[in-house]
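Read the structure below first, then the notes.
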């Protein structure tokens, strides 16, 4: 009588299809990923249930953390134009190389007098600089540096894109309300009563 | 015997010399592992870097002659204090007895006031937010979010300039100013 023979099956699976799919997905995610600029201020933003995405042009982001204010303009052309206008206002001449480097910078917190030095720094130096800098000065006199930055950015956006500038506030969750109030007061002096707060998406509803 | 010979090779002796067939299959396990690792990384980083904008409007402080009158009975004032506490009252500051609550409890109160007012008068609740110096930025975002969750349609008034003495006294007594 013949013995019942257990058929041996190969344990290796054909992974070609799986490999194809995974690389397709990988390509998709790489292409859609946006390179994130390093954040000079360590900010943890509060969460909310709102669903509106932050726009990606004609925008200024005011980062507030540790009582300091950092300023970020979105859009390379706007950055360059704003720098020209600020240079004119404060009587500082920026070379074309400085303008080019500034156009790709992220958030900055250098006072206008220090800006030339800040532009030419390497990224390591900038990290150290972010620790020491007092940030951009804001007060209610109407002539502080923040006032001028916002004013000139508004002009630049109006000239180049013919659009109103949007202001976003990115505040650290633990920041005290008076610090935020000081910034919004500056904005309200320029009749900008509408602005958006940047929050992270909250799970659930 | 009736069994089929499944073993390969084995019994060939002195046959033709065949050229050996090279195996064309490559082990893809490591490649797939790596691909999935990278996918996971990119998925996580892209979804995390999507911030949300919360649009708010503050009242214009220049034109003080244009002042909106609010009906006291339809107004709920929420004062943001320190230690993550709020104080709220309905109506006017002089007569009302404020309630101290935490941010998790305020949602119920807003909903209750909103529904009570709608049932009795058929009108919408107006909310006035007054952040004091003790409040944090998170508190402010939280309370705006609560209004969004409780579906308060009327535009909330954000008032950080005129915090009444009565309100201040109450908050001091409660230890949240």
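The values are calculated or read from the model by the stated rules, or taken from the named source; none is laboratory data. Computed from a prediction, not measured in an experiment: that's the story for all the values here. A quick note on method: Cβ atoms are made from the backbone with ideal geometry, for glycine too, and the neighbour counts reach across all protein chains shown.
The residues of region A:160-193 that are without any contact (Cβ under 8 Å) to a residue 24 or more places away in the chain and either out of contact with any helix residue (DSSP H, G or I) (no Cβ under 7 Å at 6 or more places or on another chain) or more than 10 Å from every other protein chain (Cβ to nearest Cβ) (or both), listed by number, are A:162, A:176, A:178, A:181, A:184, A:188, A:191, A:193. Of the listed requirements (1) in contact with a helix residue (DSSP H, G or I) (Cβ under 6 Å, 6 or more places away or on another chain); (2) within 11 Å of chain A (Cβ to nearest Cβ), residue B:126 misses just one: (2).
Just one of (1) touching a helix residue (DSSP H, G or I) at 6+ places or on another chain (Cβ under 8 Å); (2) not in a strand (DSSP E or B) fails for residue A:69. It is (2). Return a yes/no flag: does region B:141-159 have any residue that is more than 24 Å from residue A:44 (Cα to Cα) and at pLDDT 80 or above. Taking every residue of region B:141-159 in turn, at least one turns out to be more than 24 Å from residue A:44 (Cα to Cα) and at pLDDT 80 or above.
Each residue in region A:41-65 was checked for being surrounded by fewer than 18 Cβ atoms within 10 Å (Cβ to Cβ), part of a loop (DSSP other than H, G, I, E, B) and within 10 Å of chain B (Cβ to nearest Cβ), and 5 of them qualify. All of B:27, B:33 fail the test of being assigned to a helix (DSSP H, G or I), at pLDDT 80 or above and either loosely packed, with under 12 Cβ neighbours inside 10 Å or more than 54 Å from the chain's Cα centre (by Cα) (or both), apart from B:33.
To keep it simple, each residue is scored yes or no on (1) touching a strand residue (DSSP E or B) at 6+ places or on another chain (Cβ under 6 Å); (2) closer than 27 Å to residue A:178 by Cα.
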| residue | (1), (2) |
| --- | --- |
| A:41 | yes, yes |
| A:54 | yes, yes |
| A:63 | yes, yes |
| A:68 | no, yes |
| A:75 | no, no |
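Restricting attention to region A:75-98, which residues are assigned to a helix (DSSP H, G or I), within 22 Å of residue A:159 (Cβ to Cβ) and free of Cβ contacts under 8 Å to residues at least 12 places away in the same chain? Once the filter is applied, which keeps residues that are assigned to a helix (DSSP H, G or I), within 22 Å of residue A:159 (Cβ to Cβ) and free of Cβ contacts under 8 Å to residues at least 12 places away in the same chain, region A:75-98 yields A:87, A:88, A:96.
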